[in-house]
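Derivation of every value follows stated rules applied to the coordinates shown; laboratory data play no part. None of these values were measured; they are calculated from a predicted model. FYI the Cβ positions are ideal-geometry reconstructions off the backbone, even for glycines, and counts take in every protein chain you see.
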Amino acid sequence: MSLLTKLLSKNKKIKVEFCEKNLDRFLTEEQSPAYETFLNQRYVSYKEYQCQSRCEECKKSPYAIVNGDFVQTEDDAELLGILKAAAKK
């Protein structure tokens with residue numbers, strides 16, 4: 001890929017952090033392939049932590065830390081949509 005192509009790319013690199021326990025609780029089998037595809041994009045950097053010390057939020061619904069910002073949603077599909085939107089900013 002040329003330098004010009006990289007500079008003009010619409011997708012900026014984003015950093016996503018997950019709680020492993022939260023993913024185990026809320027990531028459905030139906031959404032798992034879509035998450036895998038998204039997280040393997042070259043513009044996505046992600047890390048799973050065993051615990052992020054956000055136990056109250058973790059028990060309620062899916063969440064992620066996106067570029068340092070806490071993002072919580074009603075379900076895993078909505079969270080993936082927010083992650084994709086953040087990548088396009």
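Key figures for this structure:
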| quantity | calculated |
| --- | --- |
| Nearest-ten-degree value, helix 76-88 long axis tilted from longest Cα axis of the chain | 30 |
| Fewest-first ranking of Ser32, Ser53, using other Cβ atoms within 10 Å as the exposure measure | Ser53, Ser32 |
| Structure-based [θ]222 nm, the chain - -39500 (n - 2.57) summed over DSSP H runs of at least 4, per residue, nearest 500 | -12000 deg cm²/dmol |
| Residues Asp24, Asp75, sorted so that the one with the fewest Cβ neighbours within 10 Å comes first | Asp24, Asp75 |
| Length released on extending from Thr28 to Asn40, taking residue separation times 0.36 nm less the Cα-Cα span | 2.5 nm |
| Cα gyration tensor shape for the chain, rounded if a/c is under 1.5, else prolate or oblate | prolate |
